[in-house]
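Q: Next up is a structure, given as structure tokens.
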Amino acid sequence: AGLAGGLVLGLAVWEPALGVGAAILLGPTRAYLAAAGFAGPQSDFGQIFFALALAGWLARGALRRELTLPRLGLYLPLGAWIGVGLLSLFGAAEWRDGLNESIKWIEVAALMAITLDAARRPAVGGASSRLAWVLTAILLSGLAQAALGMWQYGLRGAGPESFRLPDGHYRAYGTFEQPNPFGGFLGLIWPVAAGLALGHLETAVIHWRGARQGLGARLRPSGNVALGMWGFAPALALAGVAALLLLGLYVSFSRGAWLGAAAAGVLMAAFWPRRPAIGLGLAATGLGLGFLLVSAGLVPAGIAARLANVLDFAAVSDVRGVNINDANFALVERLAHWQAAAAMAEAHPWLGVGLGNYVAAYPDYALFNWPFHLGHAHNIYLHTLAETGVLGLAAYGALWGAAIILTLQVLRRQAGWARGLALGLLGVWTHLLAHQVVDNLHVNNNDLLLGAYLGILYALNDSRD
């Protein structure tokens, strides 16, 4: 084991793309190992492999005298977000917590550069990009979590009592130790698998039609219909991966993850066709079908029960004095944390209470019946507003707004699998922004995944100049 581990560590330094892949694959074990009593940097495999990849990338650049940070447009809003976060720490109760949060976003910037550099170099023994290595690690990580979640839901027969469902099953939580971030993690991966499947499907259809029309010699060396049909195999395989990831997301019974997945699916349907009118028709059809299923009572009972009180989030404005019972406890608890965050923002409107200081400031703003914090406000926008004020929320929004604009630009220019991958990234940003209305997905090394995605986006954009 020591020999194998040493080999893996050495490979992560020798080839940064392998280090990035290992960081994404093993990063989600952080919460599980902490719950098992192995908390600390020595057991955070995501951070360990990120550090190794960074060391290998720096060493490679130094030896070749090519150690330059790429000039990427997203670095401007990302730098503004990091800068506002650091500025908010002046006078904060726990500046160390804020510094740790800032380091997390600096890692995102580094991962963008490492992933982009890896994608631009040819793979060993061929011309294919190392981008495939990182994407494979991402999909394997999602599949591993989905498989573990389905075992926790339907096969193990036991689990935390608070995760028990009325039908006797247990909500899946993977190695995240909580269903909501587990569902969010799968929500950040299934759109990539689905987008790649659609991209390969588009290419396969073109090749198949060309072979049928006698144009296969130009599109494929063989030029026959039989080999043209094999082009559908990657699309089917990736569609199967997306289906398994969605099934894992479903058994998390996370309403936030369901909301994010629905939003991502609708937006991907809208932008998949090259004709906007067709895309809007697909999106409208999907929304209409969902509405009809809910109205007709054809939604499965488990889903209907979980969605029954979703609208209560908008209906309740102040939970002080609300009668708390088993049915509304989770809802009122979350709204109480929203109110605490709003009170922080009201007291410190411009720079908040300090990045990473929601927990430290919570006792001063907690509602009477809710003295214990949940770690964050369970709404990233209120959480960001509370910690970094209006300036921080504007910088955070500018970062993801710029990412979406760049993704749409890439989507218009690319074709085939590259266009499918860009479509998947659009679904990722959509899920992230929708799910975080009721949660915070910047946990358990998820930002390593987001940093790699942003690097992949620039690889698709081919911003060498």
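Q: Compute the distance from the alpha-carbon center of the stretch 60-119 to that of the stretch 341-357, in whole Å.
A: If we compute the Cα centre of each part, the gap is 23 Å.
Q: What is the packing order of peptides 31-42, 334-345, 395-406, 67-78, taking the mean over residues of other C-beta atoms within 10 Å and listing the highest first?
A: In decreasing order of mean packing, 31-42, 334-345, 395-406, 67-78 become 334-345, 395-406, 67-78, 31-42.
Q: Please state the relative contact order of the chain as a whole percent: Cα pairs under 8 Å, 6+ residues apart?
A: Result for the chain is 24 percent.
Q: May I ask you to derive the relative contact order of the stretch 154-207, considering only C-alpha pairs under 8 Å and at least 6 residues apart, and to give it as an integer percent?
A: 17 percent.
Q: Please report the carbon-and-sulfur percent of the accessible area for the chain; probe 1.4 Å, protein heavy atoms only, DNA, RNA and ligands left out.
A: 67
Q: Could you work out the relative contact order of the stretch 1-149? I mean the mean sequence separation of Cα pairs under 8 Å and 6+ apart, divided by the number of residues, in percent. Working shown, then result.
A: Values: 135 pairs, mean separation 41.9, N = 149.
Relative contact order comes out at 28 percent.
Q: Send over a whole-number figure in Å² for the accessible area per residue of the chain, probe 1.4 Å.
A: 47
Q: Quick one: which of 290-297, 13-20 comes out on top by average Cβ neighbours within 10 Å, and what's the full order, highest first? It would help to have the intermediate numbers written out before the result.
A: Working: 290-297: 10.8, 13-20: 23.9.
Output ranking for 290-297, 13-20: 13-20, 290-297.
Q: If amide H atoms are built 1.01 Å from N in the plane of the peptide, which residues on other chains or at least 5 residues away come under 5 Å of the amide H of residue 170?
A: The answer is 165.
The values are calculated or read from the model by the stated rules, or taken from the named source; none is laboratory data. If you're wondering where the values come from, they're calculated on a predicted model, not measured in any experiment. Here Cβ is always computed from backbone atoms with ideal geometry, including for glycine, and neighbour counts include all displayed protein chains. In case anyone asks, the SASA skips ligands and DNA or RNA and just uses the protein heavy atoms, side chains included. Shrake-Rupley method; radii C 1.70, N 1.55, O 1.52, S 1.80 Å.
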